[in-house]
Amino acid sequence: MNSSKSRNRWVSISLAVMLVLLLGFSLIPLVSSIFLGNQRANQPVTSLESRWESEVLGYELVLDREPDNQTAWRGLLEVRLKQGNLPAALVPLEKLAQLNPEQTDYQILLAQSQQQIQDNEGAITTYRNLLASHPENLLGLKGLVDLLVKEKRITEAIKLVQDTAQKALTNPNLSLDVMALQLMLGEIYGQQQQYDQALAVYEQAIKADGQDFRPLLAKALTLQKQGKPDAAQPLFKQAITLA
């Protein structure tokens, strides 16, 4: 009995770890939570607000003299996030993204922030600008795909992934995980409950690389959603073995 329980617990843990790996290209969270901490609990709100406004003024004075001072822009961003003023945080985020075109995190955070304030078109533009210069960036691609799906622009999302996969196959210098793109495409179909299309994508991925556990796991999860646990179970076991 104990051996059986241990084995089941190990299988559950293995599946959980694989799910994290499968969805490893999920978006990074907004940085706002990093800065909030417990400061409000330790100091009166009025005192905090007064101090934050003084810091904002100090950073703005520096930026009047040195408009490209990244330390000041990052400080201003941090204060705006501490204040919970996301619209005001967009200004330093946009500037930092402009000053650091190779550091794509700023552009991704900018797009996420635009989504938070319901500026989805602005976020789509930010993601597209990012992918124009960094087509290999899966975080940016996944962010844009998820947003297009949310906006019910399914055909556009599918075409974006397919076009990116085609670029990866025809351009050897483009460092892209083709398997991740196939999984992304299958996920779109699965979200629309187009399970046959999703399964076809996963089956093609399995044939392309029989040693990668990810399409096996994705296929198993899709079969489970269809109410076919008996068909899914062998795939789960095979995925665990490969992982």
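Coordinate-derived values only; no laboratory data. Note that this is a predicted model, so its numbers are computed, not measured. A quick note on method: Cβ atoms are made from the backbone with ideal geometry, for glycine too, and the neighbour counts reach across all protein chains shown.
Some points to look at:
- Ordering 63-73, 98-108 by mean Cβ neighbour count within 10 Å, with the highest value first, yields 98-108, 63-73.
- If you wrap the Cα atoms of region 163-226 in a convex hull and average its projected area over all directions, you get 4.2 nm².
- With the simple model of a label 7 Å out from the Cα in the direction of the Cβ, residue 74 to residue 179 spans 3.5 nm.
- P(r), alpha carbons of region 98-243 - 10 Å bins starting at zero, rounded %: 11, 35, 32, 18, 3, 0
- Computed packing ranks the peptides 213-220, 225-232, 152-159 as 213-220, 152-159, 225-232, most packed first, by mean other Cβ atoms within 10 Å.
- Bins of 5 Å from zero: percent of alpha-carbon pairs in region 120-172: 4, 22, 31, 27, 12, 4, 1
- Förster radius 45 Å - calculated FRET efficiency between residue 195 and residue 62, Cβ distance, rounded to 0.05: 0.20
- Neighbours of residue 126 by Cβ distance under 13 Å: Lys/Arg scored +1, Asp/Glu scored -1, total -3.
- Each of residue 243 and residue 119 was given a label point 7 Å from its Cα along the Cα-to-Cβ line. The distance between the two points is 3.9 nm.
- Placing pseudo-labels 7 Å out from each Cα toward the beta carbon at residue 230 and residue 88 gives an inter-label distance of 6.3 nm.
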